[in-house]
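To start, the structure under review is shown below, and the notes come after it.
Here, each number is a calculation from the coordinates, and none is a lab measurement. Small disclaimer: the values here were computed from a predicted structure and weren't measured. Because the Cβ atoms are built from the backbone with ideal geometry, glycine has one as well, and the counts that use them run over all protein chains shown.
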Number of protein chains: 2
Amino acid sequence: MSTQQQAVKTSRREELLAIAAELFAQRGFRNTTVRDIADAAGILSGSLYHHFDSKESMVDEILDSFQTELFRKYEEVVSSDLGVRAKFEAIIRISFEAIHDNHSEVAIYQNDAAYLVEFDRFGYLNERNLRMRRIWVGLLEEGVRSGTFRPDLDAEVVYRFIRDTVWVAVRWYRPDGDLSAHDVAEQYLSILLDGIAARRRPIKKSG
Amino acid sequence: MSTQQQAVKTSRREELLAIAAELFAQRGFRNTTVRDIADAAGILSGSLYHHFDSKESMVDEILDSFQTELFRKYEEVVSSDLGVRAKFEAIIRISFEAIHDNHSEVAIYQNDAAYLVEFDRFGYLNERNLRMRRIWVGLLEEGVRSGTFRPDLDAEVVYRFIRDTVWVAVRWYRPDGDLSAHDVAEQYLSILLDGIAARRRPIKKSG
DNA sequence: GTCTATAGTAGGATAGAC
DNA sequence: GTCTATCCTACTATAGAC
C-alpha cells in the first residue's frame, strides 16, 4: 500500500513478494504459512518480519499494485473514443492478458478475495468491484441502446456471466501452456458474442 | 462414504452434516474449525467425534452423496433418446437446479475441491471430473457433427467455458433471492447458445 | 450422546544477538 | 538482512467420566 523505497531495481522486498505471490496462488492465502514463504526464499520465518509487518501486508501489496495497474488499463479503454463493441473486446482481451502476465495475482484474487474483504484493510477490493460493475453494466446498457447487444437480456446477469467466465479461467489457463491467452480470448469473445449454436433460435427441429 | 445406519429418518448425524455443510460453504473447509461446527450444533467439539472420525470424513460424506445423486441425473439425460440440443439444455438446467437445491455442496466443491483432491481419500473427485469432461466433450462433438453447434470452436475450450461459467454462479446465486435458478438457467442458456451480440459477426458497422 | 480435560501440533509474530 | 529462541494462540483429536 505504501511506497517503501525508490524501487528502482528489483529489491529483496520485491523478490520476496514474488515468492509469496506464487505460493499464495498455488495453495491459497490461509494455507500458506510464513514458514513456507521463508523456506522458499531460503531464510527463516522471523527474518520475513524485517521486510513486512505481517502476512496480510504481503498479500495486500501484491493485490493492490496489480489491481491499480489493471484498472488503469480499463479506464484507458473506457474513456477512449472506441465504439461499444471495440471497448467490449478490448476489456476482455486486457483481462486475458492479465491472466497470462499476472497469473498469481489473479489466482489469489479469485481464491481469497472473498475471505480478505472481511477485513477493513481490504475494503478497497469492494470499492473496485463496484467500479468494475459500473463499467460493465454501463457498457452493456449503452450497447443495447446502440443496437450492438441483444435487448432481451438482463444487464446485471450478463455482467456476472462475463465477469465470472473470464476470471475463473485462471483455474485452468497455464501461462506456459500450448494454448495462448490470445487464442483463449478470441474463442471466449466469439462464444460470448455469438454463442455456440450453429444457427440462432431454431423454431422447430427438422430431424 | 459408508452406510452407517438405516437412515430412515433424519438422524443426528445428518443434522450435524447439514450444519457442517453450511459452515464449510460459508467459510471454506480449512477455515471452519470443528469448534465452529460443534458451537453451531450446540455441543462441544469433542462430542463431534462420537459421530465422525474426522473433519475430513464430514466433508467427504457431504460431497460424495451430493455428487452421486447429481451424476445419476446427468447419466439419465445422456442415455436418453433426446437430441443433442435438448440434452445440452437439460444438463445446464440440472446444474442450476443443483446450485439452487444443494447450494452448500456446490459451494464447497467450487471452493475446496482443488485442495481436497490432493488427498488419496478424495481421488474420486478426479474420476468424476474426467467422467464429466467425457460427457461434455462427447456431447459437443456430436453436436458439431449433427450441425447443432458451430464447427469452428475448440470443444475442449468450450467445455471449460461452460463448466466454469455454470458452476461459478454459485458465488453470487442466492437460493432465497429474487432471481430464480430457472430464470438464470434460461439466460445462461440463451447467452451460451446465441451470444449477446444483436447480430452475428457484423462485417462493418453502419453507424 | 455429551461432557471434562488435555495431549500434541502448528501457526503468526516478537526481541535481541550477530 | 538474517538467525536464534520463544511467546501466545488456535487447531484436530483422544480418553474416560457421566
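First measure r as the distance between the Cβ atoms of B:ASP53 and A:SER146, then evaluate 1/(1 + (r/R0)^6) with R0 = 56 Å and state the FRET efficiency to the nearest 0.05. All intermediate terms of the calculation are to be shown ahead of the outcome.
Details: r = 60 Å, r/R0 = 1.08.
Rounded to the nearest 0.05, the efficiency is 0.40.
How far is it, in nm, from the label point at B:GLU97 to the one at A:SER65 when both lie 7 Å from their Cα along the line to the Cβ?
Placing both labels 7 Å beyond Cα along the Cβ direction yields 5.0 nm.
Could you tell me whether the protein assembly as shown comes out rounded, prolate or oblate from its Cα gyration tensor? Rule is a ≥ b ≥ c as square roots of the eigenvalues, rounded for a/c under 1.5, then prolate if a/b exceeds b/c, otherwise oblate.
Working: a/c = 1.91, a/b = 1.09, b/c = 1.76.
Cα axes put the protein assembly as shown in the oblate bin.
Mind giving me the nanometre distance, one decimal, between the label points for B:SER180 and B:ASP39, set 7 Å out from Cα along Cα→Cβ?
Each label point lies 7 Å from its Cα, and together they span 3.8 nm.
Any idea what the dipole of segment A:55-99 comes to, in debye rounded to 20, about its Cα centre with Lys/Arg Cβ at +1 and Asp/Glu Cβ at -1? Walk me through the numbers before you get to the answer.
On the way: 6 positive and 10 negative charges, 56 e Å.
Charge dipole, segment A:55-99, about its Cα centre: 260 debye, nearest 20.
Using the Karplus curve 6.51 cos²θ - 1.76 cosθ + 1.60 with θ = phi - 60°, work out ³J(HN,Hα) for each residue of segment A:17-34 in order, rounded to whole Hz, and write x for Gly and Pro.
Using θ = phi - 60°, the values come out as 5, 5, 5, 4, 4, 5, 5, 4, 5, 5, 10, x, 5, 5, 8, 10, 9, 4 Hz.
Using a 7 Å offset from Cα along the direction of the beta-carbon, what are the separations from B:SER79 to the same position in each other copy, nm, ascending?
6.1
With a 10 Å cut-off between alpha carbons and a GNM built on chain A, which of A:ASP152, A:ASP120, A:ASP64 moves the most?
Judging by the Gaussian network model, the answer is A:ASP152.
What ranking do A:MET132, A:MET58 get, fewest neighbouring Cβ atoms within 10 angstrom at the top?
Values: A:MET132 17, A:MET58 25.
Lowest to highest Cβ neighbour count: A:MET132, A:MET58.
Among B:TYR173, B:ILE94, B:LEU139, which residue has its Cα positioned farthest towards the positive end of the charge dipole of segment B:48-186, with +1 placed on the Cβ of Lys and Arg, -1 on the Cβ of Asp and Glu, and the dipole taken about the Cα centre?
Checked the options; the winner is B:LEU139.
Would you mind listing the distances between the B:THR68 label point and the same position in each other copy? Use 7 Å along Cα-to-C-beta, nm, one decimal, shortest first.
Nearest to farthest, the other copies are at 5.3 nm.
Would you be so kind as to identify which of B:HIS50, B:PHE66, B:LEU23 lies farthest towards the positive end of the dipole of segment B:19-93, taking Lys and Arg as +1 and Asp and Glu as -1 on Cβ and the Cα centre as origin?
Positive-end residue among those listed: B:LEU23.
Just to check I understand the Karplus step: with θ = phi - 60° and J = 6.51 cos²θ - 1.76 cosθ + 1.60, what whole-Hz values come out for segment A:109-121, glycine and proline as x?
Listing the rounded values in order: 4, 4, 8, 10, 4, 4, 6, 5, 4, 5, 9, 3, 3 Hz.
Would you mind classifying segment A:87-207 by shape? Square roots of the alpha carbon gyration tensor eigenvalues, ordered a ≥ b ≥ c; an a/c under 1.5 is rounded, otherwise it is prolate if a/b is larger than b/c and oblate if not. Numbers along the way, then the final one.
Numbers: a/c = 2.20, a/b = 1.40, b/c = 1.57.
Because a/c hits 1.5 or more and a/b fails to exceed b/c, segment A:87-207 counts as oblate.
Quick check on segment B:1-104: what are the equivalent-ellipsoid semi-axes from the Cα gyration tensor, as sqrt(5λ), descending, whole Å? Provide the component values of the computation, followed by the final result.
Working: eigenvalues 214, 46, 20 Å².
Rounded to whole Å, the semi-axes are 33, 15, 10.
Can you give the Rg to Rh ratio for chain B, taking only C-alpha atoms and Rh from Kirkwood?
Details: Rg = 20.1 Å, Rh = 19.2 Å.
Rounded to two decimals, Rg over Rh is 1.05.
Specify the inter-centroid distance of segment B:167-197 and segment B:26-54, based on alpha-carbon positions, in whole Å.
For segment B:167-197 versus segment B:26-54, the Cα centre distance is 33 Å.
Please identify the trypsin sites (Lys or Arg not before Pro) of segment A:7-86 that satisfy two criteria: DSSP loop assignment and at most 12 other Cβ atoms within 10 Å. Which are they? Don't skip to the end; give the middle numbers.
Values: sites: A:LYS9, A:ARG12, A:ARG13, A:ARG27, A:ARG30, A:ARG35, A:LYS55, A:ARG72, A:LYS73, A:ARG85; in loops: A:LYS9, A:ARG30.
Loop-located and lightly packed - A:LYS9.
Who wins for biggest fluctuation among B:GLU69, B:GLU97, B:GLU105 in a Gaussian network model of chain B, springs between alpha carbons below 10 Å?
B:GLU69
Got a sec to turn the phi values of segment A:150-167 into Karplus ³J(HN,Hα) couplings, 6.51 cos²θ - 1.76 cosθ + 1.60 with θ = phi - 60°, whole Hz, x for Gly and Pro?
So the J values, rounded to whole Hz, are 4, x, 9, 10, 7, 4, 5, 5, 4, 4, 5, 4, 5, 3, 5, 4, 5, 6.
Can you give the calculated 222 nm mean residue ellipticity of chain A, where each DSSP H run of n ≥ 4 adds -39,500 (n - 2.57) and the sum is split over every residue, rounded to the nearest 500 deg cm²/dmol?
Values: 9 runs with 135 residues, N = 207.
Roughly -21500 deg cm²/dmol at 222 nm, from the helical runs in chain A.
Enumerate the amide H contacts of B:PHE149 below 5 Å, restricted to partners 5 or more residues apart or on another chain; note that Pro and chain-start residues carry no placed amide H.
Excluding prolines and chain starts, which carry no amide H, the hits are A:ALA198, B:VAL144.
Can you find, among B:THR10, A:LEU116, B:ALA185, the residue sitting farthest towards the positive end of the charge dipole of the protein assembly as shown, where Lys and Arg contribute +1 and Asp and Glu -1 at Cβ?
After comparing all options, I get B:ALA185.
Shortest first and in nm with one decimal, please list how far the B:ASP101 label point sits from its counterparts in the other copies (point 7 Å along Cα→Cβ).
4.6
Sum up the charges of everything whose Cβ sits under 15 Å from the Cβ of A:VAL157, counting Lys and Arg as +1 and Asp and Glu as -1, but leave A:VAL157 out.
Working: positive: A:ARG133, A:ARG150, A:ARG160, A:ARG163, B:ARG171, B:ARG174; negative: A:GLU141, A:ASP152, A:ASP154, A:GLU156, A:ASP164, B:ASP178, B:ASP183, B:GLU186, B:ASP194.
With Lys, Arg at +1 and Asp, Glu at -1, the neighbours total -3.
So, in the protein assembly as shown, how many Lys pairs have Cα atoms under 24 Å apart, if the pair is 8 or more places apart or on different chains?
10
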